[in-house]
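The values are calculated or read from the model by the stated rules, or taken from the named source; none is laboratory data. Just so you know, these numbers come straight off a predicted model, no measurement behind them. Cβ coordinates were reconstructed from backbone atoms using ideal geometry, including for glycine residues, and neighbour counts include every protein chain displayed. Accessible surface areas use protein heavy atoms only, side chains included; no ligands, DNA or RNA. Shrake-Rupley method; radii C 1.70, N 1.55, O 1.52, S 1.80 Å.
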Amino acid sequence: MITSLLFYAFSLILVLSALGVITSRNPVHSALFLVLAFVQSAMLWLLLEAEFLAVVLVLVYVGAVMVLFLFVVMMLDINVEELRTGFTRYVPIGAAVAFVVVLEIGHVIWFRSQDVLAVATPEPYPAGYSNTQALGSVLYTEHVYAFELAAMILLLAIVAAITLTMRRRPGLKVQNIARQVAVRREDRVRLVKVDPVTDSGTSSNQSRIASNESRAESVDSQTASNASVSVSKESVTDSKDPGTGD
């Protein structure tokens with residue numbers, strides 16, 4: 001009874017967090033909802049007594065992949081309004097996927113109602129059972145070739161990503177380890193002697209600044225006097241103009 005209640009509670013939180021991933025307007029909130037979904041999935045694995053898969057799900061996806069997603073989302077300047085444009089064109093695909101998922105869930109419920117052995121509730125394992133040992137014995141014996149093939153594909157993807165990142169293009173800064181190791185102090189550090197500023201030097205600088213300011217004020221006053229003289233000359237010229245009568 002308690003197991004069933006826990007299953008429905010974790011499943012409800014998982015469905016709500018999955019809806020939060022696709023309906024949240026903030027990318028950071030979507031990533032956090034996805035973290036919650038992974039944690040609830042791990043709880044479901046624990047209910048199935050698959051502790052190893054639950055721990056791997058939390059460590060790998062929540063502790064590594066989702067942290068990387070959060071750093072990338074927070075470092076990039078994502079234009080949310082631009083991402084929302086044209087969102088309605090994906091509605092038919094989303095509706096089709098949702099219909100298939102609902103159909104599968106209904107199919108499982110119908111099989112459970114028919115008391116089929118394949119979908120029956122699993123029996124609890126004995127106290128000394130280790131699912132990690134069972135998973136390792138199956139993975140490295142019956143499915144060892146598929147495991148090695150998956151490892152080679154992942155290695156190829158890593159090498160391809162590094163190759164695309166390290167390609168030659170203009171303006172690319174490449175790290176040269178040999179030049180960094182062979183560098184000397186004389187090539188990077190230069191000692192410069194700076195003479196200290198004394199009080200006499202400070203006072204002389206202040207007096208020089210004051211003299212420059214007084215000189216600027218005298219120039220301004222001379223300019224103003226010249227302007228007044230030119231205005232008076234213009235007025236005298238206007239009074240001597242024969243075109244003006246008494």
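Residue check: is Val80 at pLDDT below 75 and within 16 Å of His29 (Cβ to Cβ)?
yes
Out of curiosity, is Thr132 among the hydroxyl-bearing types (Ser, Thr, Tyr), farther than 21 Å from Leu47 by Cα and at pLDDT below 85?
Spelling it out, it is not the case that Thr132 is among the hydroxyl-bearing types (Ser, Thr, Tyr), farther than 21 Å from Leu47 by Cα and at pLDDT below 85.
All but one of (1) surrounded by 10 or more Cβ atoms within 10 Å (Cβ to Cβ); (2) part of a helix (DSSP H, G or I); (3) modelled with pLDDT under 85 hold for Leu59; state the number of the condition that does not hold.
It is condition (3) that Leu59 fails.
Filter region 130-183 for residues that are within 30 Å of Leu48 (Cα to Cα), outside any helix (DSSP H, G or I) and of a type outside the set (Val, Ile, Thr); which is farthest from the chain's Cα centre (by Cα)?
Applying the filter and picking the extreme gives Glu142.
Which condition number in (1) modelled with pLDDT of 85 or more; (2) open to solvent by 100 Å² or more (accessible area, probe 1.4 Å) is the one that Phe69 fails?
Of everything listed in (1) modelled with pLDDT of 85 or more; (2) open to solvent by 100 Å² or more (accessible area, probe 1.4 Å), Phe69 misses just condition (1).
A quick yes/no check of all residues on (1) at pLDDT 85 or above; (2) open to solvent by 50 Å² or more (accessible area, probe 1.4 Å); (3) within 30 Å of Leu139 (Cβ to Cβ):
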position: Met1; (1), (2), (3): no, yes, no
position: Leu6; (1), (2), (3): yes, yes, yes
position: Gly20; (1), (2), (3): yes, no, no
position: Ser24; (1), (2), (3): no, no, no
position: Leu32; (1), (2), (3): yes, yes, no
position: Ala37; (1), (2), (3): yes, no, yes
position: Ala54; (1), (2), (3): yes, no, yes
position: Ala64; (1), (2), (3): no, yes, yes
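Starting from region 126-150, take each residue that is touching a residue at least 24 places away in the same chain (Cβ under 8 Å) and list its partners that are assigned to a helix (DSSP H, G or I), counting only C-beta distances under 7 angstrom and pairs at least six apart or across chains.
Going by the 7 Å Cβ cut-off, the qualifying pairs are Asn131/Glu51; Asn131/Phe52; Thr132/Phe52; Leu135/Phe52.
Taking region 8-18 on its own, how many of its residues are more than 30 Å from Tyr90 (Cβ to Cβ) and either open to solvent by 50 Å² or more (accessible area, probe 1.4 Å) or among the polar types (S, T, N, Q) (or both)?
Number satisfying all stated conditions: 1.
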